[in-house]
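Report on one structure; see the data block that follows.
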Amino acid sequence: MKNTMVSFGWPLLCILCCSQLAVAQYKITGTVKNSKGEAITGASITLPATGGGTTADVSGAFALETGAHGKQQLSVSAIGYRSFKQTILLADTTLVLAIVLPSDPRALQEVVVNAGTFEASDKAKGAALTPIDAVTVAGSYADITQALRSLPGAQQIGEQEGLFVRGGTSDETKQFIDGTLLKYPNYPSVPGITQYARVNPFLFKGILFSSGGYSALYGSAMSSALILESVDLPEKTSASFSIFPANLGAGWQHLARNNRSSYGVNLSYSNQALYNKIIPQQPDYFSGPRYLDGTANFRLKTGRRGMLKFYTNWSSSDVGTKNPDIDSLALRAAWQVKGQNIYNNLSYRSYLADNWKIEAGAAYTYNQNEENTSLQTTAGQRVVLPTVPYAGKNRATGTQTHFAQARLVLTHFFPAGPVLRWGAEHFYTREKSVSNDSAKGFTDQLTAVFAEADIYLTRRLAAKAGVRMEYAALLRQAVTAPRISLAYRLPHGGQFNLAYGIFYQQPAAEWLYKPELPAFSAATHYILNYTQRFSNRFFRVEAYYKQYANLVKTTPALSNNGNGYAQGIELFWRDKKSIRDLDYWVTYTYLDTKRDFADYPYSLRPAFAAPHTATVAVKKFFRAISTNVNVSYALAAGRPYYDIRYDAPGHTYVADEGTTKGYSVVNLHVAYLTSFFKHWKRKDFSGIALGVNNLLGTEQVFGYRYSVNGQNKVPVTLPATRSFFVGVFISLGIDRTDDFLNNNL
């Protein structure tokens, strides 16, 4: 199944990679200084139309190469100074500039509170990663959540989709697009096999991955928030095509002549049946895997600084598998899921006056899953046995969910620098489920109000303080969550950050069907971190403690009597400077966690938590052969596994337990970049991509499944030891050379 999702990731990834075949032709050099003639180290110099940029060195000098030509808008910015913009003409000579930035009266904003946060944004000063960085990690399949597993705090989970952060379940991490919740980011779950994202990762210009202590503007996530900001308008009108053996993709983006509106469509189809015949899989697929995905978008500039954006995504999937029945080697267990999902997002932002900003958003999601399980003979004939353990293995379940959200945020910028944001949002959920002849459902409404302020106490000391209040109609419960962060900036780019906050989350939907409704669960975060940036290198060390309360327990009865903790330390180092065209980062995560929740008989280290995790990601572009090589290596200590059973009084106990072998995987992706139609008026950017995941063929064991009598123990492993892909891609219209070749951090 892992190879299945190549269809959605690699065509998109390759379209970006192909831009590297064009070598920069024009050079912009110069200096950036303040009004006193002092160099402004780290000033950001960009060409917004191309996305390319660089930073000034310790003497204020900079050099920027680009393939763009003609009139271009140059933008220069630095913390503590007013932004500078100038129209320049790129001809056949080097352009030399002497730029002077005036001081910004709101210079206290040079301290940016960022405890617990990794920001990937083209516009962010000093971002740890860019969006392209995040999704071109080898082994990520261009899936944002897969890519973020290469960052500290995230676990290496190979049998389930989603992000497992700092001892939390995947359900404790939520994704938000332009402020609204993306309720179903992945295709329907398949037992033991990761399913990937529905949403195109290149839709976004900014990615904010918070592993703790995130803003009061967001809620319903006890561990982590992935906050995504979509692009406004495309750079140019463009088209893209991709042909991989089992995957086809095509897209079109049109930018109006006045550069004030755009629209676009994309279509992807994947059928892995042929691939699975060539590369044997376990389980056997009797249906699909098939995935069909279509998207459309419309964007419109309103007034001088307003933007209206609409995005819709429609997808369907069909996956059917067969495995030997765990309770009888003579029988087979068949499982099939068919899913349909429609997601719509409408957002608007504008400035009401110079010091006021309004952001509004609305989202609607319809999701439908149909699951069928059956017991079969080896010849495929259905078998119905009324006795334990076979009773209940023939089952049909259907679930329909309507989810809607409306949100409004107002921001006021005070003259001296402080910023105040406040707003409200409302969530509506209606879900119905039918299992065989039994039907059930619930309707839930949650209302939240929030306020948050950025306060600059001194030139080097800043605070972000906020509070969020939520009321859940179904639970008939209100909660209040205070949050505060402090940041102290040291000379030469170092900064200390402290954060504290309480984060509430409703129980999962499966518990909202119950008459004895549980209450909100909660997690309290304490975070201390230190960051250092210098010369296109970035270092971060962070320690944290997280206390869980009111976790949902299912035994001996449904309750909120669960609790737990997670604590650890994380390291991150990135270097884009030392070797030309080489970018690499190294991470290490130590995690100590235990929790008493679900059917655990007592406090245990969760089955999804490894105490030690390390990752290395390396990207190298070889200009002489126009080839990009990405390699990633992930290593994790073994995870615990348990066989939890019920005794006669209905309590649970651990009948068997152990630790899996360590996790180790190397992924390799290579893209050769060329042009198939060099004599066309609009030269294409095309190429050939290939790759292999788990290059060394390491056996991965993620846990075990047990038979009802406990005598049969089956490991949960990868569907195939290795997965492969190869294909051709073509892009017409946009050259993103600078996206890959700039040396900005």
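Write down, largest first, the equivalent ellipsoid semi-axes of the chain in whole Å, where each equals the square root of 5 times an eigenvalue of the alpha-carbon gyration tensor.
Details: eigenvalues 368, 194, 120 Å².
Rounded to whole Å, the semi-axes are 43, 31, 25.
Considering only DSSP beta bridges whose two residues both sit in the chain, what percent are antiparallel, to the nearest 5? Display every interim value, and only then the final one.
Numbers: 321 of 335 bridges.
Of all bridge pairs located within the chain, approximately 95 percent are antiparallel.
So, in the stretch 497-643, how many Lys pairs have Cα atoms under 16 Å apart, if the pair is 8 or more places apart or on different chains?
Details: Lys514/Lys553; Lys546/Lys594; Lys553/Lys594; Lys576/Lys619; Lys576/Lys620; Lys577/Lys619; Lys577/Lys620.
So the count of such lysine pairs works out to 7.
Considering only protein heavy atoms and a 1.4 Å probe, what is the carbon-and-sulfur percentage of the accessible area of the stretch 356-515? Please list the in-between numbers first.
Values: 4720 of 7910 Å².
Carbon with sulfur: 60 percent of the solvent-accessible area.
Just check the stretch 211-357 against the gyration tensor rule for me: Cα atoms, a ≥ b ≥ c as the square roots of the eigenvalues, rounded for a/c under 1.5, and otherwise prolate or oblate depending on whether a/b exceeds b/c. Present the calculation step by step, with values, prior to reporting the outcome.
Numbers: a/c = 3.70, a/b = 1.79, b/c = 2.07.
Oblate, since a/c reaches 1.5 and b/c is not below a/b.
Hey, can you rank 644-651, 363-370 by average C-beta count inside 10 Å, highest first? Working shown, then result.
Values: 644-651: 11.2, 363-370: 18.6.
Result, highest mean first: 363-370, 644-651.
Please list, ordered by chain and number, the residues whose modelled amide H lies under 5 Å from the amide H of Asn563; skip anything fewer than 5 residues away on the same chain.
Sorted by chain and number, the residues that satisfy this are Leu551, Asp596.
Given 37 °C and 0.692 mPa s, how large is the Stokes-Einstein diffusion coefficient of the stretch 444-563 in µm²/s, with Rh as the Kirkwood radius over Cα pairs?
Value of D from the Cα-based Kirkwood radius: 195 µm²/s.
Taking the Cα atoms of the stretch 365-413, report the difference between the largest and smallest coordinate on each principal axis, in whole Å and largest first.
69, 22, 17
Using Cα pairs under 8 angstrom and six or more residues apart, how large is the relative contact order of the chain, in percent? If you can, show how the numbers build up before the last one.
Numbers: 2144 pairs, mean separation 100.3, N = 745.
13 percent.
Please state the charge dipole magnitude for the chain, taken about the Cα centre, from unit charges on C-beta atoms (+1 on K and R, -1 on D and E), reported in debye and rounded to the nearest 20. Write out the running numbers ahead of the final one.
Numbers: 73 positive and 53 negative charges, 336 e Å.
With only Lys, Arg, Asp and Glu charged at Cβ, the dipole is about 1620 debye.
Sticking to Cα atoms, compute the Rg of the stretch 601-645 to one decimal and its Dmax as the biggest Cα-Cα distance, whole number, in Å.
Considering the stretch 601-645 through its Cα atoms, Rg and Dmax are 19.0, 61 Å.
Before rounding to the nearest 500, sum -39500 (n - 2.57) across all DSSP H runs of length at least 4 in the chain and divide by the residue total; then give [θ] at 222 nm in deg cm²/dmol. Show your work: numbers first, answer last.
Details: 6 runs with 37 residues, N = 745.
When only DSSP H runs of four or more count, the value is -1000 deg cm²/dmol.
Enter the Cα centre distance for the pair the stretch 421-446 and the stretch 475-522, rounded to the nearest angstrom.
Comparing the Cα centres of the stretch 421-446 and the stretch 475-522, I get a distance of 21 Å.
Mind checking the per residue accessible area of the stretch 573-729 for me, 1.4 Å probe, whole number of Å²?
Values: 7410 Å² over 157 residues.
Using a 1.4 Å probe on heavy atoms only, each residue of the stretch 573-729 averages 47 Å².
With every protein chain kept in place and ligands, DNA and RNA left out, what is the accessible area per residue of the stretch 210-302? Probe 1.4 Å, answer in Å². Before the final figure, lay out the partial values.
Working: 3950 Å² over 93 residues.
Averaged over the residues of the stretch 210-302, the accessible area is 42 Å².
Could you check how much of the accessible area of the stretch 591-658 is carbon and sulfur, as a whole percent, using a 1.4 Å probe? Numbers along the way, then the final one.
Working: 1760 of 2840 Å².
Ligands and nucleic acids excluded, carbon and sulfur give 62 percent.
What aspartates and glutamates sit close enough to Lys33 to cross-link, taking a C-alpha to C-alpha distance under 16 Å and skipping anything fewer than 8 places away on the same chain?
By straight Cα distance, Lys33 reaches Asp57, Asp104.
Please report the spacing between the Cα centers of the stretch 220-294 and the stretch 301-344 in Å, no decimals.
One Cα centre to the other: 13 Å.
Cα extents of the stretch 276-349 along the three principal axes, largest first, in whole Å?
70, 27, 14
For the stretch 299-458, just the Cα atoms, rotate onto the principal axes and tell me the three extents in Å, largest first.
The Cα atoms of the stretch 299-458 stretch 76, 34, 32 Å along their principal axes.
In Å², what does the accessible area per residue of the stretch 457-537 work out to with a 1.4 Å probe?
On the way: 3800 Å² over 81 residues.
Dividing the accessible area of the stretch 457-537 by its residue count gives 47 Å².
The values are calculated or read from the model by the stated rules, or taken from the named source; none is laboratory data. What you are looking at is a predicted structure, and each value in this text was computed from that prediction instead of being measured. All Cβ positions, even for glycine, are placed from backbone atoms using ideal geometry, and neighbour counts span all protein chains on display. What goes into the accessible areas is simple: the full protein's heavy atoms, side chains included, and nothing from ligands, DNA or RNA. Shrake-Rupley method; radii C 1.70, N 1.55, O 1.52, S 1.80 Å.
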